[in-house]
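Peer 1: Supplied in structure tokens, the structure appears directly below.
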Amino acid sequence: MTKPSLPELLHAAVTAVGGTERPGQVAMTEAVAGAIDDNAHLLVQAGTGTGKSLGYLVPALAHGERVVVATATLALQRQLVERDLPRTVEALHPLLRRRPEFAMLKGRSNYLCLHRLHEGVPQEEEDGLFDQFEAAAPTSKLGKDLLRMRDWADETETGDRDDLTPGVSDRAWGQLSVSSRECLGASKCAYGAECFAEAARERAKLADVVVTNHALLAIDAIEGAPVLPQHEVLIVDEAHELVSRVTGVATGELSPGQVNRAVRRAAKLVNEKVADALQTAAESFERLMELALPGRLEEIPEDLGYAIMALRDAARNVISAIGSTRDKSVQDEDAVRKQALAAVESIHGVAERIANGSEYDVVWCERHDRYGASLRVAPLSVSGLLREKLFSDRSVVLTSATLKLGGDFNGVGASLGLSPEGTEGDDVPVWKGLDVGSPFDYPKQGILYVARQLATPGRQGSRGDMMDELAELVEAAGGRTLGLFSSMRAAKEAAEELRGRLDMPILLQGEETLGELIKSFAADPKTCLFGTLSLWQGVDVPGPSCQLVVMDRIPFPRPDDPLMSARQKAVEEAGGNGFMAVAATHAALLMAQGAGRLVRATGDRGVVAVLDPRLANARYGSYLRASLPDFWYTTDRNQVRRSLAAINAKAEADGQ
């Protein structure tokens, strides 16, 4: 039997999921297959509706060797494992004459820990949370969740938190799960042979396609202890989020609460002198943090520096002491020791990193209304890390609907550690970018309206002219509006203002779960939904319920954002344009994602309205507009109102 061609495989897969092949999908499939065959790197921009999942799954399954697919959202992970992969495998099986295996792999804390379930939770004496678990008729939410998890443990085959429906609180899940640092290890654990996390790893080792998330991919790359099985091909979906996810994994935190928990856990396992030293260092650190002001610490104040070094040294001594002592009187001491070690090692690692004061790290203080102040440390850039760890020994394909910013891939490429496209040289991964387009006719389906006549938004104060403009647009659209705001405060102000002006439902993020809000928004076309960051990227509502997408202002990073401002300054000191490389790129990515909420199907029509005149007037405006879908562009407020009214009238005539 001759080897099936790529077009044959794609046709079979698309037919199996009930779709039709699109030119962009075909082009993507061929490009991904070529990159895999050539051991090359590829960035693919594939617009909404292209069918990009099959565009990379078909060549991945046909490859024959293990491929890791990493994506950012739970929704896409589940779609791949529960829908796309099963159907595609069945469709390709007769052609490939084999049945490729696939598996999902997550971090250890996503799986129920049988040791915790059966042996109890190592805890501070004053904690007592787990007492609820043994109660015959627990009345608290925590107790009910724990008992439900115990029943579920006998039913589940995966132990995966996402398979537990309805879900439980983070507090409850934390009682019956462990981090990789807290885990005893399969060989030392009485339940190692039945461990859900170990079973997931074993399934991944046997799979042709392993589906994971960006965070686990980052841990695998950064920590030097392989979590993912060996693979020669990596496909990163939703790749526009990769840099922020890797940055998150590489960010350390040091807070008084965290330090005090570590002190309590360690005190049971070491002698009084060693424990007292850590307690004293913790108290000194807590006193200083009570007075700390939020913002970047380009230099650590002397007294805070001494406190951090004292924490580091005391934590190191505790780690040594725990390693050399073992108290047989402590019940289930292995678990107690592992939890204490994990807590103290985390304190030591972050304190040492801050004390070392690397020029490649950014340190800042954050203050939270509920949890108080904490220190955070993050890499100035993750580009070098990604270049070295991600691209050095495998073929990498990165794909998203938004990778081409300002007309090319170089901005996103630079953030990933890639030199400008086509550049060659030592230690420079060679790559190419491909935009396979979209099945949508953006100039006919959508309008980009910039409210050029409005005043430029400032950092403070209300925007009366913007509120007037927003109310008129929403009224012309008959509701049907997704309002994307640069801050939660701005979203609340707009919701309160329009609730007083207009007779239509205005939903506000935070007043209900995000899932319920989106469901209500989609169900009633007259409804509006206002919110901030997660709405810019997380809403998929095709049809008449979303015919107007409003952005209140260009979403530049806050000027006082410590990490972004540090990155911008570093680019400027190296002779580059820090504003364009950091702030404008950040804004372009969010705006492209936000504008992508409008057209989700071939029948969608509507307007993206940006209530910030800088998009039309500023020099960087053309860069930002070039990052958006190719909508018909106007600054004519009367024209856009007539267009919205006409779209609304047609929807009403159609009974929508």
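Peer 1: GluC sites (Glu not before Pro), restricted to segment 259-324: which are DSSP loop and have at most 13 other Cβ atoms within 10 Å?
Peer 2: Sites meeting the loop and neighbour criteria: Glu298, Glu299.
Peer 1: Using Cα atoms only, what is the angle between the long axis of helix 464-477 and the major principal axis of the chain, expressed in degrees (0 to 90) to the nearest 10?
Peer 2: 70
Peer 1: How long is the gain from Glu302 to Glu573 if the chain were fully straight, where each residue apart is worth 0.36 nm and the alpha carbon distance is subtracted?
Peer 2: Between Glu302 and Glu573, full extension yields 94.9 nm more.
Peer 1: Stick to Cα atoms and the Kirkwood definition of Rh, then tell me Rg/Rh for segment 507-656.
Peer 2: Rounded to two decimals, Rg over Rh is 1.02.
Peer 1: So, one more: Using Cα-only point scatterers and the Debye equation, what is log10 of I(q)/I(0) for segment 452-545 at each q in 0.16, 0.22 Å⁻¹, rounded to two decimals?
Peer 2: -0.63, -1.17
Peer 1: Could you state how much accessible area Asp630 has, in square angstrom rounded to the nearest 10, with a 1.4 Å probe and all protein chains kept in place?
Peer 2: Ignoring ligands and nucleic acids, Asp630 comes out at about 110 Å².
Peer 1: Binning every alpha carbon pair distance of segment 435-503 at 10 Å from zero, what are the percents per bin?
Peer 2: Pair shares across the bins are 15, 44, 26, 14, 1.
Peer 1: Taking 7 Å along the Cα-to-C-beta vector as the label spot, tell me the Ala40-Ala75 distance in nanometres, rounded to one decimal.
Peer 2: Rounded to a tenth, the inter-label distance reads 3.3 nm.
Peer 1: Still on this structure: How big is the chain on each of its three principal axes, counting only the C-alpha atoms and giving the largest first in Å?
Peer 2: Principal-axis extents of the chain (Cα, largest first): 78, 72, 63 Å.
Peer 1: Taking a quarter of the surface of the Cα convex hull of segment 506-581, what do you get in nm²?
Peer 2: That works out to 6.6 nm², a quarter of the Cα hull's surface.
Peer 1: Report the relative contact order of the chain, percent, no decimals, based on alpha-carbon pairs under 8 angstrom and at least 6 residues apart.
Peer 2: Dividing the mean separation by the residue count of the chain yields 16 percent.
Peer 1: May I pose another question? Which of the peptides 562-571, 386-395, 24-33 is most tightly packed, and how do the rest follow, going by the mean number of other Cβ atoms within 10 Å of each residue?
Peer 2: Top of the packing list down: 24-33, 562-571, 386-395.
Peer 1: Compute the orientation-averaged projected area for segment 275-382 from the convex hull of its Cα atoms and round it to one decimal in nm².
Peer 2: Spelled out: convex hull of the Cα atoms, projected over all directions, averaged, 8.3 nm².
Peer 1: So how far apart, in nm, are the two label points at His368 and Ser520 if each is 7 Å from Cα heading toward Cβ?
Peer 2: Computed distance between label sites His368 and Ser520 equals 2.7 nm.
Peer 1: Also, I was wondering about something else. How about segment 158-227: which GluC sites (Glu not before Pro) there lie in a loop by DSSP and see at most 13 other Cβ atoms within 10 Å?
Peer 2: Here the GluC sites (Glu not before Pro) that fit, given the DSSP loop and packing criteria, are Glu223.
Peer 1: On to the next question. When the chain is fully extended, how far beyond the present Cα-Cα distance does Ser180 get from Asn260, taking 0.36 nm per residue of separation?
Peer 2: That pair, Ser180 and Asn260, stretches by 26.7 nm at full extension.
Peer 1: In vacuo Debye scattering of segment 1-41, one point per C-alpha: log10 I(q)/I(0) at q = 0.21, 0.32, 0.34 Å⁻¹?
Peer 2: For segment 1-41, the Cα-only Debye profile gives -0.72, -1.06, -1.10.
Peer 1: Convex hull over the Cα atoms of segment 1-93, averaged projected area in nm²?
Peer 2: 6.2
Peer 1: Which entries of Lys492/Lys526; Lys141/Lys492; Lys404/Lys444 have Cα-Cα distances beyond 25 Å here?
Peer 2: Lys141/Lys492
Peer 1: Heavy atoms only, 1.4 Å probe, whole protein assembly: order Ser244, Ser187 by accessible area, highest first.
Peer 2: In descending accessible area the options line up as Ser187, Ser244.
Peer 1: Can you tell me the alpha carbon radius of gyration of segment 343-458 divided by the globular rule-of-thumb value 2.2 N^0.38 Å?
Peer 2: 1.57
Peer 1: Towards the positive end of the charge dipole of the chain, with charges on Cβ (+1 Lys, Arg; -1 Asp, Glu), say which of Ala494, Ala581, Ala351 has the farthest Cα.
Peer 2: The residue sitting farthest along the positive end of the dipole is Ala494.
Peer 1: Using a 7 Å offset from the Cα along the Cα-to-Cβ direction at both Arg558 and Glu272, what is the distance between the two label points in nm, to one decimal?
Peer 2: 4.6
Peer 1: Also, I was wondering about something else. Enumerate the aspartates and glutamates that Lys273 could reach by cross-link, defined here as Cα to Cα under 18 Å, with residues fewer than 8 away along the same chain left out.
Peer 2: Cross-link targets: Glu283, Asp313, Asp327.
Peer 1: Right, here's the next one. Determine how large the accessible area of Leu624 is when every protein chain is in place; take a 1.4 Å probe and give Å² rounded to the nearest 10.
Peer 2: Roughly 0 Å² of Leu624 is accessible to a 1.4 Å probe.
Peer 1: Here's a follow-up. To the nearest 10 square angstrom, what accessible area does Glu65 show with a 1.4 Å probe?
Peer 2: So the heavy atoms of Glu65 present about 100 Å² to solvent.
Peer 1: Follow-up question, since we're still on this one. Working with all protein chains in place, sort Arg370, Arg201 by solvent-accessible area computed with a 1.4 Å probe, largest first.
Peer 2: Greatest to least solvent exposure: Arg370, Arg201.
Peer 1: Amide H neighbours of Leu43 under 5 Å, counting only residues 5+ apart in sequence or on other chains, H built in-plane at 1.01 Å?
Peer 2: Leu398, Lys432, Gly433, Leu434
Peer 1: Given segment 187-234 reduced to its alpha-carbon atoms as identical point scatterers, what log10 I(q)/I(0) does the Debye formula return at q = 0.15, 0.18, 0.27, 0.29 Å⁻¹?
Peer 2: Once normalised to I(0) and log-transformed, intensities are -0.46, -0.64, -1.11, -1.16.
Peer 1: Continuing with this model, one more query. Compute the Rg to Rh ratio over segment 378-536 from the alpha carbon atoms, using the Kirkwood formula for Rh, and round to two decimal places.
Peer 2: 1.09
The values are calculated or read from the model by the stated rules, or taken from the named source; none is laboratory data. Please read all numbers here as calculations on a predicted model, not as lab measurements. Methodologically, a virtual Cβ is constructed for each residue, glycine included, from the backbone with ideal geometry; neighbour enumeration extends over all protein chains shown. Quick note on the areas: whole protein, heavy atoms, side chains included, nothing else; ligands and nucleic acids left out. Shrake-Rupley method; radii C 1.70, N 1.55, O 1.52, S 1.80 Å.
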